[in-house]
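Engineer: Okay, handing you the structure first.
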Amino acid sequence: MTSSDNNTAAIVQQTATPLPRFRRSSQAPRCLLQERDLALLEDLWRYRALTTSQLEQLRVSDPNPDLRFVSRLTLTRRLKLLFHGKYVRRLARPSITGMQEPVYLLDSEGAKSLSLKHGEVTVRAPSQMPKLAALEHILSINQFRVSLTATCAANPLEILGWQTSDEAKFRVAARKVTLIPDAGFTVKTANLKLFYFLEVDLGSEPSRILTEKCRSYYAFWQSGEFAQKYFCTPNVGFRVLFVAPTEKRAATILKSIQKLDAGQNMFWVTGQEDITPERILEPIWSNTKQENHKARLTGN
């Protein structure tokens, strides 16, 4: 344990009574920001909302050892102090099976601290916080990004760019539709640049809508609009990754893809439970051309 970790423990112990989890206390000790704290704040600024586990995955995989935490306990203690110091917000996540991990967002003091380094950083008002269903969707998208970021740090891979849904959306002129992926990103391997769009499925779209969405993705490539938007040659393709909440839903998505006349191999499907740093590069992806095996994210 480092001296700063000892200081964190000592500060927490100075509090006469346990601090509340989701209500700020006027008796909370002052939090003196460390470099690791600023890294946490930048994570929240970049991702918008993260659970304790997701923050832990990002910090433990940081190439700079000074920005890591020696244990989950040390991390949770720092998050507690940052919450009571108004650097981060902490939201409860109730469910039918009990309380899930809390979720953290950047708060006013955290934005002020980051503004000193990055220029003006703002946070949303409490009234603009996402509702629980939207928050869970954000966390699912971030779980993919966190897992990919963590595993790329340990492998000869690089994320060249990550686009949010607003940045990745596009118009398909031939079909007169606009698609809004959950994300778009590019991965660089030793020899290739691979393009992807991400669809974290909520299980709410009918099968026919899924099929039409896939047709629009294929038309985006076939028309040359993808090549024009991403400044690549017309023969360069992309994959659309569907992350399904259940095995049953994954099967429904695959059946929707099977209705396509062309481009079925463009669409890959896996389950949410496989989106972890340990599994995301494993052969977890299915498509309609594979009957007895699954593919790797960076495979052919």
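Engineer: Among the listed residues Ala295, Ala244, Ala262, Ala251, identify the single one that is among the small types (Gly, Ala, Ser), at pLDDT 95 or above and either within 21 Å of the chain's Cα centre (by Cα) or farther than 20 Å from Asp182 by Cα (or both).
Structural biologist: So the residue among Ala295, Ala244, Ala262, Ala251 that is among the small types (Gly, Ala, Ser), at pLDDT 95 or above and either within 21 Å of the chain's Cα centre (by Cα) or farther than 20 Å from Asp182 by Cα (or both) is Ala244.
Engineer: Also, I was wondering about something else. Is it fair to say Ala295 is touching a strand residue (DSSP E or B) at 6+ places or on another chain (Cβ under 7 Å) and hydrophobic (A, V, I, L, M, F, W, C)?
Structural biologist: yes
Engineer: Return the residues of segment 136-153 that are over 16 Å from Phe242 (Cβ atoms) and of a type in the set (Ser, Thr, Tyr); say none if nothing qualifies.
Structural biologist: Passing the criteria: Thr149, Thr151.
Engineer: Within segment 136-152, can one find any residue that is surrounded by fewer than 16 Cβ atoms within 10 Å (Cβ to Cβ) and in contact with a helix residue (DSSP H, G or I) (Cβ under 9 Å, 6 or more places away or on another chain)?
Structural biologist: There is no residue in segment 136-152 that is surrounded by fewer than 16 Cβ atoms within 10 Å (Cβ to Cβ) and in contact with a helix residue (DSSP H, G or I) (Cβ under 9 Å, 6 or more places away or on another chain).
Engineer: Give the residues of segment 32-43 that are out of contact with any Lys or Arg (no Cβ under 9 Å at 6 or more places or on another chain) and either surrounded by 21 or more Cβ atoms within 10 Å (Cβ to Cβ) or not in a helix (DSSP H, G or I) (or both), sorted by residue number.
Structural biologist: Leu32, Leu33, Leu41
Engineer: List every residue pair whose Cβ atoms sit under 8 Å apart, with the two residues 6 or more apart in sequence or on different chains, where the first one lies in segment 106-119 and is in the same structural domain as Tyr87 (by TED's automatic domain parsing) and the second, anywhere, is assigned to a helix (DSSP H, G or I) and of a type in the set (Asp, Glu).
Structural biologist: Every condition considered, the pairs that remain are Leu114/Glu42.
Engineer: Output yes when any residue across segment 57-65 is in a helix (DSSP H, G or I) and over 28 Å from Ser165 (Cα atoms), and no when none is.
Structural biologist: yes
Engineer: Follow-up question, since we're still on this one. Considering only residues that are of a type in the set (D, E, K, R) and farther than 18 Å from Leu148 by Cα, which ones fall in segment 30-67?
Structural biologist: Residues satisfying the conditions are Arg30, Glu35, Arg36, Asp37, Asp66.
Engineer: Residues that are at pLDDT 95 or above and farther than 23 Å from Thr233 by Cα: which strands (runs of 3 or more DSSP E) entirely in segment 114-213 hold 2 or more of them?
Structural biologist: Filter on segment 114-213 gives 193-200.
Engineer: Also, I was wondering about something else. Given the criterion within 15 Å of the chain's Cα centre (by Cα) and free of Cβ contacts under 8 Å to residues at least 12 places away in the same chain, identify the matching residue among Ala134, Ala183, Ala150, Ala168.
Structural biologist: The match here is Ala134.
Engineer: Give the residue that is surrounded by the fewest Cβ atoms within 10 Å (Cβ to Cβ), with candidates limited to residues of segment 66-83 that are of a type in the set (D, E, K, R) and in a helix (DSSP H, G or I).
Structural biologist: Filtering first and then ranking leaves Asp66.
Matching residues to (1) surrounded by fewer than 18 Cβ atoms within 10 Å (Cβ to Cβ); (2) of a type in the set (A, V, I, L, M); (3) farther than 19 Å from Leu44 by Cα:
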| site | (1), (2), (3) |
| --- | --- |
| Thr164 | yes, no, no |
| Ala174 | yes, yes, yes |
| Val187 | no, yes, yes |
| Leu192 | yes, yes, yes |
| Asp201 | no, no, yes |
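The values are calculated or read from the model by the stated rules, or taken from the named source; none is laboratory data. Computed from a prediction, not measured in an experiment: that's the story for all the values here. Using ideal geometry, Cβ is built from the backbone for each residue, glycine included, and neighbour counts are taken over all protein chains shown.
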